Structures are given as C-alpha cells and as structure tokens.
Amino acid sequence: MATQIDAARLLTLRAGDMIDKGIRCDVECSMAKWYGTEIGVNTTRQAVQIHGGNGVTKEFVVERLAREAIIGPIPDGTTNSEADCTYADRGSSL
C-alpha cells in the first residue's frame with residue numbers, strides 16, 4: 001500500500017511542478033487523478049478488511065474514509081474516462 005500511495009503522490013507532484021513551470025500537462029494530470037483515485041479506493045477497502053467487522057462501524061475512522069474514497073471518482077468523471085483520455089493522448093504522441 002505504501003508504495004502505491006507514494007507513486008500516486010509523485011504523479012501528483014510531477015503534474016503540479018509542470019503546471020508551475022507553465023508546461024502543458026493534460027496527460028500527466030489525467031494520470032495523477034486516475035491513479036490517485038484508484039489507489040485511494042483500493043487502499044481504503046484494504047483498510048476496512050484489515051479492521052474486519054470494526055471497519056464498517058461508525059466508531060472507527062476507516063468507515064468514513066472508505067465512504068469518502070468511494071465517492072471520489074464520481075464528481076470529475078469516472079476513472080475509466082480519465083484512463084481513456086490518458087491512453088488516447090499518449091497514443092497520439094507516440
């Protein structure tokens with residue numbers, strides 16, 4: 001889990017650095033959003049499983065984090081559409 005979280009963080013930092021430098025980074029932003037969202041959902045699901053039955057009770061923070069992570073992909077488009085944009089953009093630049 002730690003490796004995946006760090007990879008998502010580094011993708012986000014790279015996209016942010018490119019934005020700060022004024023470099024166009026549509027693909028990098030899509031990759032960071034897609035991967036970060038996927039890892040957020042997967043990691044919180046694993047955390048719920050680690051906590052067992054307690055992971056779904058409101059007394060534990062894990063339950064709230066899981067609810068928030070699962071909703072994450074919805075507002076800005078599905079992660080599938082982000083992946084499609086990334087692959088389409090990468091394919092045109094190869």
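Details
- If you go through the range 1-36 and keep only what is more than 20 Å from Ile71 (Cβ to Cβ), of a type in the set (Gly, Ala, Ser) and in contact (Cβ under 8 Å) with a residue 12 or more places away in the chain, you end up with Ala7, Ala15.
- Looking across Glu38, Glu63, Glu28, Glu68, one residue alone is modelled with pLDDT of 80 or more, touching a His at 6+ places or on another chain (Cβ under 9 Å), of a type in the set (D, E, K, R) and part of a helix (DSSP H, G or I). It is Glu63.
- Among the conditions (1) assigned to a helix (DSSP H, G or I); (2) modelled with pLDDT of 70 or more; (3) not hydrophobic (A, V, I, L, M, F, W, C), the only one that Lys58 does not satisfy is (1).
The values are calculated or read from the model by the stated rules, or taken from the named source; none is laboratory data. On a predicted model such as this, the values are computed, not experimentally measured, just so you know. Glycine gets a Cβ as well: all are built from the backbone with ideal geometry, and neighbour counts include every protein chain shown.
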